[in-house]
Amino acid sequence: AARGGQIAKEEKCKKCHGPTGISDEDDTPSIAGQVPAYQFKQLLEYKSKVRDSKTMYKKVKKLGPQDMADLAAFYATQEPEPPEAKMEPPLLVTAGDMDRLLLPCNVCHGERGEGLGFEVPALTGQKIEAFVETMVAFQEDDRENDQYGRMRFIASQLTEEEIEELAAFYAAPPSEEDEEDE
């Protein structure tokens with residue numbers, strides 16, 4: 001983790017993801033507290049262009065697997081931004097919708113949205129805009145790095161309102177910068 005912190009500093013990760021992995025931009029994912037195996041997988045997929053992002057490809061193309069593992073370890077040790085919502089979890093989080101073959105979100109993502117393993121990210125602490133953009137990318141097949149197409153199937157079943165409700169439940173407060181713009 002210590003070496004990952006040094007790499008993050010050298011690679012200027014804070015420019016987009018903030019000094020501790022909490023993004024200052026509402027459309028950029030926060031990576032503080034992210035599951036290290038998941039974060040490592042994402043970095044590998046940016047490098048191999050499985051995930052499409054010119055910016056991230058430029059940042060990771062010269063990193064080796066150990067560098068990526070160290071970065072993932074560093075960000076996993078950072079405290080995620082706590083969710084803003086003080087609401088009861090939506091039914092999709094706790095009960096799912098068996099009529100649409102949707103398991104509850106908490107079955108895979110954990111009771112507190114903490115994530116699990118290389119395939120299931122932490123959801124807690126993401127900005128609403130980043131969460132919604134990710135779900136829409138899965139919904140529209142613009143993002144295809146989910147094993148077996150799980151998230152693409154799930155997202156395709158959700159309405160815009162459901163996505164927004166889930167985003168609001170898991171989300172951190174908007175960045176101060178975006179609040180000032182309003």
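The values are calculated or read from the model by the stated rules, or taken from the named source; none is laboratory data. Every value quoted in this text rests on a predicted model; they were computed, and no experiment measured them. FYI the Cβ positions are ideal-geometry reconstructions off the backbone, even for glycines, and counts take in every protein chain you see. Accessible surface is based on the protein model in full, side chains and every heavy atom, while ligands, DNA and RNA are left aside. Shrake-Rupley method; radii C 1.70, N 1.55, O 1.52, S 1.80 Å.
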Query raised in the report: What FRET efficiency comes out for the pair Glu79/Tyr148, r = Cβ-Cβ distance, R0 = 30 Å, nearest 0.05?
Result: 0.40
Report task. Please report, as a whole percent, how much of the solvent-accessible surface of the chain comes from carbon and sulfur atoms (probe radius 1.4 Å). Result -> 54 percent
Report summary line: Rounded to the nearest 10, the angle in degrees between the Cα long axis of helix 128-139 and the longest principal axis of the Cα atoms of the chain comes to 80 degrees
Query - Solvent accessible area, Å² - Tyr57, 1.4 Å probe, full protein context - result: 70 Å²
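Mind scanning Lys15/Lys127; Lys15/Lys59; Lys12/Lys62; Lys15/Lys58; Lys41/Lys61; Lys54/Lys127 and naming the pairs with a C-alpha gap bigger than 20 Å? Don't jump to the answer; show the numbers that get you there.
Details: Lys15/Lys127 16 Å; Lys15/Lys59 12 Å; Lys12/Lys62 14 Å; Lys15/Lys58 14 Å; Lys41/Lys61 14 Å; Lys54/Lys127 22 Å.
Over 20 Å Cα-Cα: Lys54/Lys127.
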Requested in this report: Evaluate the charge dipole of the chain about its Cα centre and quote only its size in Debye, nearest 20, assuming +1 on the Cβ of each Lys and Arg and -1 on the Cβ of each Asp and Glu.
Outcome: 1520 debye
**Report entry** Relative packing of 138-151, 10-23, 114-127, 63-76, which averages over residues the other C-beta atoms within 10 Å, highest first
**Finding:** 114-127, 63-76, 10-23, 138-151
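Return the calculated 222 nm mean residue ellipticity for the chain, to the nearest 500 deg cm²/dmol, obtained by summing -39500 (n - 2.57) across DSSP H runs with n ≥ 4 and dividing by the residue count. Write out the running numbers ahead of the final one.
Values: 11 runs with 91 residues, N = 182.
Helix contribution divided over all residues of the chain: -13500 deg cm²/dmol.
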Query raised in the report: Can you give the angle from 0 to 90° between the axis of helix 36-47 and the longest principal axis of the chain, with both taken from C-alpha atoms, to the nearest 10?
Result: 70 degrees
